[in-house]
Amino acid sequence: MSLHLYDTWTRSLREFTPLKAGEVGLYTCGPTVYNYAHIGNLRTYLFEDGLTRTLRLNGYHVNHVMNITDVGHLVSDADEGEDKMEAGSRRTGQTAWTIAALYTEAFRADLKALNIVEPTTWCKATDHIAEQISFIEEIEKKGYTYKTSDGVYFDTSKQSSYGYLGRLDIEGLQGGARVDLGEKRNATDYALWKFSAPEEKRQMEWDSPWGRGFPGWHIECSAMAHKYLGEYFDIHCGGEDHITVHHTNEISQTEAAYGTRLSNYWMHGYFLLTNDAKMSKSAGEFLRVQLLIDKGYDPISYRYLCLTAHYRSQLNFSWDALDAAQTALGRLRQNVFSLGDVAAKPNAEYVAKFMEKLNDDLNFPQALALAYEVLKSNLSAAEKKATLIKFDDGFGLGLAQWVPKEIEVPANVRAVADARWAARNAKDWAEADRLRSELTALGWTMKDGKDGYTVAQL
C-alpha cells in the first residue's frame, strides 16, 4: 500500500507524492521556550516523529526543519498582551536570553528521553531577524500591509482565500468581534512586526524599516521555512490549535509574498487531555517528562501510551493509563529480549502488513496490535525477533537495546525459580508450569538457558 496521509487543507486522505523524487521537505512548529514543555506538547512531537520514521521506512530522505520560538509569541492570539519570553523572564528573574537557552536544552533533553529523532535543522527566531524583515518587505511590496501606532499588520481583507485551512467564517468573525480592534482594520488581521513601547525597554528588540521592535509570531515560521525548504515544500505539521490562527496566518503570508500555500500537505496532531480538558501551560500546573521520571516511570512508557491512540484522536491521560502502558511496555520488552539473539531476516509478510498499517495515515495502534500477533505466531524465535526489531524502526521503543536490569532477586523468588529449574530438568512439565505461574504472580519472569536460568521483573 502506498503512503496515504490526512491533509487538513483538503480535509481528506491523500496519497503522498513528494515534490522531488526520493526526498521530503518537512517543517514542524517547535516550542516557545518561555517554560518547560509539557507532555501534551510532546504528544505532537511524538506524532511527528512517527511521521518521520514512516517516511524513512518508505525509503525517503527527510529534510526535517524545526523552529525555536524565542521571541515574538504574544500571550494572546489577538496580538495583545506581553511577549511570552518577556513574561517568562519576569517570572523567573532571569534574562529572556538565559531562559531561552535553558528551556531549549530542557526541550532537547525531553526529546532524547522519549527517543524522538532530532530534526535535521534547528532554527531560532532570534537568529533569523533579517530573513523575517525581508519576508515582511516582500509582503509590503505586494500591498498587503498597513501600519498602526503599535506595529505593521497584515490586511486579511485583501486576500479572498484567507482562512481556508481552518474553514473560518470570516464574515461571522468580523461581525461578531467583541474585542476592541484598536487600530486594526479587521478582526482577523495580525501583526507582522510589533513596535517596542516607548515607555519600556525590551530585552529583545531590533531596528527595522518600520521602527524598532520585534517580529510577530507567525512570520518566523514562514521566513525560516522559506529559507531552509523553499517557497513550496512537502509537509508542514503542528498541533490542532495551530489550524485556525498560526498556520492560517503562515499560509496567508506566503500566498501574499510568493503565491503558494507554503506546504503541499498540512498535518495536525490532536490534544492530550487531562480530566477531559486540554493540558496547557497557561493554566498553571502541567505535567513534565521529568515529573514522570521522578514518579518512577520510564518515559518510553509515555511514548507507548501515545502509540495506542491515533494522532488524529484526542487522548485522555490518567495515571492508571500510564501504569497500564508501563506494564505492557515491560512485557513487550521482556518478550522480545527472551527471543534471544537476532539470527534471521524479518518476515516479509508481516513487514508488508506493518507498512500497510503505517501507510494508512500512521495507524500505529493497529501496527502495535500486529506486533503482538507476531509474538503469538508460529514463526521461529529468531524470525520473530528480527521482525519486531524491524517494527521498532517505526515504534521507536528501543527494543533492540533493552536488557533487563541487574537487580537483587528476593530469596522467595529465587527459591521458586530454583524449584522450577529442578522440575524442568526432571521433565516434570506440569510442576514447572505451575511454578512459572507462581513466579509471574510474584511479578517475575524466567528465561531458560543451556547452563542455567535468568530471572527478571515484569
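The values are calculated or read from the model by the stated rules, or taken from the named source; none is laboratory data. For clarity, every value in this text was computed on a predicted model and none was experimentally measured. FYI the Cβ positions are ideal-geometry reconstructions off the backbone, even for glycines, and counts take in every protein chain you see. The protein model used for the area step is the full one, side chains on, heavy atoms only, and it has no ligands, DNA or RNA in it. Shrake-Rupley method; radii C 1.70, N 1.55, O 1.52, S 1.80 Å.
General remarks:
- Test: THR148 is surrounded by fewer than 23 Cβ atoms within 10 Å (Cβ to Cβ) and more than 28 Å from TYR45 (Cα to Cα): yes
- The set of residues in region 126-157 being more than 20 Å from LEU74 (Cα to Cα), among the hydroxyl-bearing types (Ser, Thr, Tyr) and touching a strand residue (DSSP E or B) at 6+ places or on another chain (Cβ under 8 Å) consists of TYR144 alone.
- Applying the criterion of being over 15 Å from the mean Cα position of the chain (by Cα) and crowded, with 17+ Cβ neighbours inside 10 Å to the residues of region 258-280, the residue that is modelled with the lowest pLDDT is THR274.
- Among the residues of region 104-149, the ones that are more than 23 Å from the chain's Cα centre (by Cα), outside any helix (DSSP H, G or I), modelled with pLDDT of 95 or more and not aromatic (Phe, Trp, Tyr) come to 6 in all.
- Residues of region 363-384 satisfying the condition of being of a type in the set (A, V, I, L, M, F, W, C) and within 15 Å of GLU349 (Cα to Cα): ALA367, LEU370, ALA371, VAL374, LEU375, LEU379
- Cβ-Cβ contacts under 6 Å between residues 6 or more apart (or on different chains), taken from a first residue in region 440-452 that is touching a residue at least 12 places away in the same chain (Cβ under 8 Å) to a second residue that is open to solvent by less than 70 Å² (accessible area, probe 1.4 Å) and of a type in the set (S, T, N, Q), are listed as THR445/GLN334; LYS447/SER338.
- Matching entry among SER161, SER208, SER157 (being assigned to a helix (DSSP H, G or I) and among the hydroxyl-bearing types (Ser, Thr, Tyr)): SER157
- Of all residues in region 346-380, those satisfying the criterion of being assigned to a helix (DSSP H, G or I), open to solvent by less than 40 Å² (accessible area, probe 1.4 Å), within 16 Å of LEU57 (Cα to Cα) and not aliphatic (A, V, I, L, M) are TYR350, PHE354, ASN359, PHE364.
- Subset of region 189-229 that is aromatic (Phe, Trp, Tyr) and within 23 Å of the chain's Cα centre (by Cα) - its residue that is most open to solvent (accessible area, probe 1.4 Å): TYR228
- Filter result for THR254 (part of a loop (DSSP other than H, G, I, E, B), polar (S, T, N, Q) and either farther than 21 Å from ARG11 by Cα or open to solvent by less than 30 Å² (accessible area, probe 1.4 Å) (or both)): no
- Contact map, region 357-369: residues that are free of Cβ contacts under 8 Å to residues at least 12 places away in the same chain paired with residues that are outside any helix (DSSP H, G or I), Cβ distance under 8 Å, separation 6+ or inter-chain. Pairs shown: GLN366/ASP360.
- GLY452 being on the phi > 0 side of the Ramachandran plot and at pLDDT 95 or above: no
- Check on ALA101, of a type in the set (A, V, I, L, M), under 23 Å from the mean Cα position of the chain (by Cα) and assigned to a helix (DSSP H, G or I): yes
- Checking each residue in region 301-330 for being open to solvent by 70 Å² or more (accessible area, probe 1.4 Å) and either assigned to a loop (DSSP other than H, G, I, E, B) or under 16 Å from GLN366 (Cβ atoms) (or both) picks out ARG312, GLN314.
- Of the listed requirements (1) crowded, with 22+ Cβ neighbours inside 10 Å; (2) under 17 Å from GLN132 (Cβ atoms), HIS242 misses just one: (2).
- Selection over region 331-345 of residues that are more than 16 Å from TYR372 (Cβ to Cβ) and open to solvent by less than 70 Å² (accessible area, probe 1.4 Å) gives a count of 2.
- For region 38-47, the criterion of being in a strand (DSSP E or B), within 17 Å of the chain's Cα centre (by Cα) and of a type outside the set (Val, Ile, Thr) is met by no residue.
- Enumeration of residues in region 392-427 that are in a helix (DSSP H, G or I) and not small (Gly, Ala, Ser): ASP392, ASP393, PHE395, ASN412, VAL413, ARG414, VAL416, ASP418, ARG420, TRP421, ARG424, ASN425
- Checking VAL409, VAL403, VAL416 one by one, the residue that is within 23 Å of TYR304 (Cα to Cα), of a type in the set (Val, Ile, Thr), more than 26 Å from the chain's Cα centre (by Cα) and modelled with pLDDT under 95 is VAL403 and no other.
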